[in-house]
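Structure first, then comments.
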Amino acid sequence: MIYHNTTNCRCSTSPYAQGLELTSVNVGAQSLTATVTATPADCAGHFPGYPALPVAVLGTAMADATSRLIEATTHRPMMRWVPKGRLVFEAHRFVQAGTPVDIDARIVSSAGPRRTILVNASAGEQVAASLSINVVTVHPEMLTPR
């Protein structure tokens, strides 16, 4: 599977298919920070009486932050990536709808097209989810049939 920014994806009828918009995006030399906030409507059915941000939606926002980080640091819009080797995603706690979640993505090592990226999603002082992933970047031209 090739990954890219999914914020505007209309791939399914699932209430979670659209994804959350990354806001307050700041890009550093090897890092990106952003914020996402889910409304109760974004959390439909998850859970009655306590609308919580679905972990899959948060994971998608973290993958989107990874894509934006790769695009920014390679200076190539639409750069794609594929997981290569290690990928660990951990959900640590639920986040109530309406609570801003700060995403911090960092490249911790880089060699050619290979990168190791750590992403934390925090609500206040508590980490809600973390992602550690090894990726290989792939330029879109490499995906075009010849």
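The numbers here are math on the coordinates, done by the rules we state, and not lab data. Bear in mind that the values here come from a model prediction, so they are computed numbers and not experimental data. Glycine gets a Cβ as well: all are built from the backbone with ideal geometry, and neighbour counts include every protein chain shown.
Modelled label-to-label distance, Lys84 and Ala44, 7 Å Cα→beta-carbon offset: nm?
3.9 nm
At 7 Å along Cα-to-Cβ for each site, give me the label-to-label distance between Val136 and Ala111 in nm.
Each label point is offset 7 Å from its Cα along the Cβ direction, giving 1.4 nm.
Summarise the long-distance tail of P(r) for the stretch 23-143 by giving the % of C-alpha pairs beyond 20 Å.
Cα-Cα pairs of the stretch 23-143 separated by over 20 Å account for 42 percent.
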